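The values are calculated or read from the model by the stated rules, or taken from the named source; none is laboratory data. None of the values given here were measured: they were computed from a predicted structure. Note that we place each Cβ from the backbone using ideal geometry, even for glycine, and neighbour counts take in every protein chain shown.
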Amino acid sequence: MSSVRSRGYGSGMAGEGEPDRNLTGMTRRARTERTERILVARLEELALVLERSGAPAESVGRLLESASVATINAIALNLLSEEAANEIWSGAAERHPELSLRRAA
């Protein structure tokens with residue numbers, strides 16, 4: 001911790017996180033599960049915004065495209081399998097049809 005503090009982190013001020021706390025190891029499975037949860041939550045949030053705003057899908061297309069690109073990146077970084085990504089997007093599209101044509105694969 002002293003090396004972390006010497007770089008100006010972890011000065012102990014109220015509201016500060018513990019930077020070295022993020023250095024603890026995370027298993028590959030935990031990382032994958034976390035990535036899956038984040039993607040599911042993001043797609044649900046975007047779908048709800050589309051539904052509640054009444055805006056046409058095109059007006060929020062960039063946000064959905066961003067989620068699609070993030071999915072592709074997660075697959076490339078081996079944080080998510082292609083099969084899991086397809087299942088997540090398919091499930092979201094079943095619950096929210098406006099998402100069905102939005103995934104750039």
Just give me the residues in segment 45-69 being surrounded by 15 or more Cβ atoms within 10 Å (Cβ to Cβ) and modelled with pLDDT of 90 or more, in sequence order.
Ser68
Restricting to segment 70-105, name every residue that is outside any helix (DSSP H, G or I) and modelled with pLDDT under 85.
Ser100, Leu101, Arg102, Arg103, Ala104, Ala105
